[in-house]
Amino acid sequence: MYYITKKIEISAAHKLKLSYDSKCENLHGHNWIITVYCKAKELDENGMVIDFTHIKQLITEKLDHSIINDVIGDVNPTAENIAYWVYQQIDCCYKVSVQESEGNIATYEED
């Protein structure tokens with residue numbers, strides 16, 4: 001099995017829908033660090049699991065300098081849900097970590 005990891009830094013805003021009062025219900029931004037983990041049993045015709053540039057394009061073109069609520073649909077844009085959304089964008093992805101601020105990291109990993 002071949003494995004790659006791609007770390008991407010983006011700036012984006014979101015506002016959360018919560019069952020309790022929180023300042024996070026207001027539109028606010030983060031400098032996010034998204035780490036994408038991919039794997040493949042065989043390499044493609046270029047000798048890659050997936051081109052690092054393609055991963056970056058798939059994520060940054062949609063999320064960088066965006067309001068994440070407008071991008072990921074009707075789901076609450078928590079770090080956990082953003083991690084799952086990124087996972088869904090890349091066929092060979094098996095794990096995604098999303099850091100929204102220092103010390104706050106959410107991870108989605110397929111079973």
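Quick note: the coordinates plus some simple rules give every number you see, no bench work behind them. This one's a predicted model, so the numbers in the text were calculated from it and none came from an experiment. Here Cβ is always computed from backbone atoms with ideal geometry, including for glycine, and neighbour counts include all displayed protein chains.
On the basis of being over 13 Å from the mean Cα position of the chain (by Cα) and closer than 17 Å to residue 101 by Cβ, does residue 14 make the cut? Break it down into steps so the answer makes sense when it comes.
Working: over 13 Å from the mean Cα position of the chain (by Cα): yes; closer than 17 Å to residue 101 by Cβ: yes.
Yes.
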Among residues of the range 67-109 being surrounded by 18 or more Cβ atoms within 10 Å (Cβ to Cβ) and of a type in the set (Gly, Ala, Ser), the residue farthest from residue 2 (Cα to Cα) is 79
Inside the range 1-23, the number of residues satisfying the requirement of being outside any strand (DSSP E or B) and out of contact with any Lys or Arg (no Cβ under 7 Å at 6 or more places or on another chain) is 9
Is it the case that residue 53 is hydroxyl-bearing (Ser, Thr, Tyr) and under 15 Å from residue 16 (Cα atoms)? no
Condition check for residue 94: touching a residue at least 40 places away in the same chain (Cβ under 8 Å), in contact with an Asp or Glu (Cβ under 6 Å, 6 or more places away or on another chain) and among the hydroxyl-bearing types (Ser, Thr, Tyr): yes
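Scan the range 50-68 residue by residue and report those that are among the polar types (S, T, N, Q) and within 17 Å of residue 88 (Cβ to Cβ). Break it down stepwise before answering.
Filtering the range 50-68 for residues among the polar types (S, T, N, Q) gives 53, 57, 60, 66.
Matches in the range 50-68: 57, 60, 66.
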Any idea which of (1) buried (at least 16 other Cβ atoms within 10 Å of the Cβ); (2) part of a helix (DSSP H, G or I) is the one residue 32 doesn't satisfy? (2)
Is there any pair linking a residue in the range 26-53 that is closer than 16 Å to residue 87 by Cα and in contact (Cβ under 8 Å) with a residue 24 or more places away in the chain to one that is surrounded by 11 or more Cβ atoms within 10 Å (Cβ to Cβ) and of a type in the set (D, E, K, R), with Cβ under 6 Å and at least six apart or on different chains, and which? 32/100; 33/9; 35/7; 36/6; 37/95; 52/6
